[in-house]
Structures are given as C-alpha cells and as structure tokens.
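Worksheet for the structure shown next.
The values are calculated or read from the model by the stated rules, or taken from the named source; none is laboratory data. Keep in mind that this is a model prediction, so the values were computed, not measured. A quick note on method: Cβ atoms are made from the backbone with ideal geometry, for glycine too, and the neighbour counts reach across all protein chains shown.
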Amino acid sequence: MESKSVVVTGASTGIGLGITKVLTNKGIRVFGTVRKQADAERLKQQFGDAYTPLLMDVTDHATIQQAAAEVKESLGQQNLFGLVNNAGVAVGGPLLHLEVEELRRQMEINLIGPFTVTKAFAPLLGAEKGRIGTSGRIVQISSVAGKIAPPFLGAYVASKHALEGMSASLRRELLLYGIDVIIVGPGVVITPIWDKAQDSDLGRFAPTDYGPIIEGFTEYLIQEGRKGLTAESIGDTVYTALTTRKPKTRYAVVPQRFKNWTLPRLLPDRWIDRLIGKQSGLLKK
C-alpha cells in the first residue's frame, strides 16, 4: 500500500495543530513546519513517528528550500501526497490607520508565503518528471473572509481574497501535472488567538474616530471566537479534500452556516453594508 505523507505549514498551534492531529490519527505521516525548536520537540513527543518536524518560516526562502530538501530526501522518488498551506496571521485595524509595512507583512505571510512554499514543494507533488505515484494535492487554508469582508480586518481580507484568486489560477495551471488545488475557508475557529485578542494592540486606535467602535468590535470577535468550530473540524475537512475521489474546489467550514455564509452571499452588498453599519455603529446617522 502506498504510504501517504503531507506537509502542513504552521503546525504548532491552532488550525495547523488540529490538522496535524486529524491526519496523523488517519495514518498519514505529517511533515509539520514550526519556527521554534521547542515546538518541534513538543510535537514530536506528542505525535511520535507519525510526525516529522521542519524548522521553517514561510517568509524565509532559505528555510523553505531546506525544508523541501529534507522532505525530498525522506520521500526518495515517491510523490508527496499533499501540501497544506496553513501558516498565517491576521493584522487588524481600520485601513486608514494601518502602516504600509503592516499591510506588506500581512501579504508577505498570507500570500507570498504560500506562493513560495508551493513553488518549493510542487516538484515533490508531481511537477517533476520521474517521480513515483499519483500526483499530490495542495490545500490552501483561506477564510470566510476570502469571500465576505468584515470591517477592521481589511489587510487580512485582502490577503485571503488574493490567495483565493491565485489558487484558482494555480489549479488550472497545474492541470498539466494532475495536481489539484483546493481551498478550505473556515469561519471562526476556537484557537488561542482569541485568548490574546484583549491584549492586542488594537487599543492604539482608541484616539481615532473608530476607537469606540473598535472596542465593541473586539468584544464581539472574542464572544464569537468562543462559539467557533474546533480546529479538528477543519482538520476533518482537510482530510476530505486530500482523500476524496472528486473534491470540491472550495469548502466553507462555517458555524451557523446560514447566518454567516449562505445569507451574506445572497443579499445585495449594499444591504450587508447597512446591516454591518447599524450593528457596529459605523453607519453615519
């Protein structure tokens, strides 16, 4: 039986950790990227031989090339079964008050990162002649924000919209090699990020016109985060995307699906603008 190996970026916490748990439980070997040696040791202890740590930063080209070389050496001529581009960050704040460097950092991690990682691992997925086995699949972890744009997350929204557009083009280009590209777009997920939300630097926007609105918006995000999906539920969807015979091109994994996904996509944009404006206090009276 052909063994299956998958690379998961950003495996140390949150969604990446949930994906790693699910895949290893299903008998798939995970090469999980982390930035800290301590995280590599912790995950190795947790998952044993089913997990191989890769010390890698998605913004560091040298570490990406080194990680790809390590996976290639481990696989030999066998194709990599899958690549899950999960690593990412969310930069919050009103766009008029963000620094240009903050937007650049957001795009560097959430868009350029997956682009660079995909280029490095594509040969192992089947874009290189002479490899053995079925071509692999690429799963891009996007967000509901890749389709529906909330306020004060404009930089993050931009990165996910761009990731989805790039992924659609990539999926068509990789038809040449039989490599599929699938988007998984989660809604709110229960992760440690919500424990840190109140300690974030959004307070620096307090002196702006948006100050009182952002305070309420932050509290709303924290409450929603506590009602979110588990990281493992995202892992289940990733497993489906990697293994089902005919995967969808996009999976939306969203709590309260009708309210948070179906309805916003059916209503006119101007209606959504007014609803958000009224709920948040953004609508000028």
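Assorted remarks:
- Set Val30, Val100: member being surrounded by fewer than 20 Cβ atoms within 10 Å (Cβ to Cβ), more than 15 Å from the chain's Cα centre (by Cα), of a type in the set (A, V, I, L, M) and within 26 Å of Gly146 (Cβ to Cβ): Val100
- Glu2 vs. criteria outside any strand (DSSP E or B), at pLDDT 95 or above and over 18 Å from the mean Cα position of the chain (by Cα): no
- Single residue of the stretch 227-285 satisfying the filter (basic (Lys, Arg) and in contact with a strand residue (DSSP E or B) (Cβ under 9 Å, 6 or more places away or on another chain)) that is surrounded by the fewest Cβ atoms within 10 Å (Cβ to Cβ): Lys248
- Taking the criterion of being in a helix (DSSP H, G or I), of a type in the set (D, E, K, R) and surrounded by 14 or more Cβ atoms within 10 Å (Cβ to Cβ), the residues of the stretch 33-50 that qualify are Asp39, Arg42, Lys44.
- Filter pass, Gly48 being more than 20 Å from Pro151 (Cα to Cα) and not aromatic (Phe, Trp, Tyr): yes
- Residues that are part of a helix (DSSP H, G or I), surrounded by fewer than 18 Cβ atoms within 10 Å (Cβ to Cβ) and touching a residue at least 40 places away in the same chain (Cβ under 8 Å) within the stretch 51-71 comprise His61, Gln65, listed in sequence order.
- Asn85 in contact with a strand residue (DSSP E or B) (Cβ under 6 Å, 6 or more places away or on another chain) and either more than 18 Å from Ser3 (Cα to Cα) or at pLDDT below 95 (or both): yes
- When residues of the stretch 80-96 are limited to those that are closer than 30 Å to Asp209 by Cα and surrounded by 15 or more Cβ atoms within 10 Å (Cβ to Cβ), the one nearest to the chain's Cα centre (by Cα): Gly88
- Lone unmet requirement of (1) of a type in the set (A, V, I, L, M, F, W, C); (2) in a helix (DSSP H, G or I); (3) more than 30 Å from Leu275 (Cβ to Cβ) for Ala155: (3)
- Selection within the stretch 119-164 - surrounded by fewer than 22 Cβ atoms within 10 Å (Cβ to Cβ), within 17 Å of Leu175 (Cβ to Cβ) and of a type outside the set (Lys, Arg): Ala122, Pro123, Gly126, Ala127, Glu128, Thr134, Ser135
- Spans of helices (runs of 4 or more DSSP H) in the stretch 178-285 with at least 3 residues among the aliphatic types (A, V, I, L, M): 211-226, 231-243, 269-280
- A search for C-beta distances below 8 Å between a residue of the stretch 80-100 that is closer than 15 Å to Val238 by Cβ and any residue that is basic (Lys, Arg) and surrounded by 19 or more Cβ atoms within 10 Å (Cβ to Cβ), counting only pairs 6+ apart in sequence or on different chains, returns Phe81/Lys4; Phe81/Arg137; Gly82/Lys4; Gly82/Arg137; Leu83/Arg137.
- Scanning the stretch 117-144 for residues that are among the β-branched types (Val, Ile, Thr) and more than 21 Å from the chain's Cα centre (by Cα) yields Ile132, Thr134.
- Listed by first and then second residue, the pairs linking a residue in the stretch 243-254 that is in contact (Cβ under 8 Å) with a residue 60 or more places away in the chain to a residue that is surrounded by fewer than 18 Cβ atoms within 10 Å (Cβ to Cβ) and not in a loop (DSSP other than H, G, I, E, B), with Cβ atoms under 6 Å apart and 6 or more places separating them unless they lie on different chains, are Val254/Asn260.
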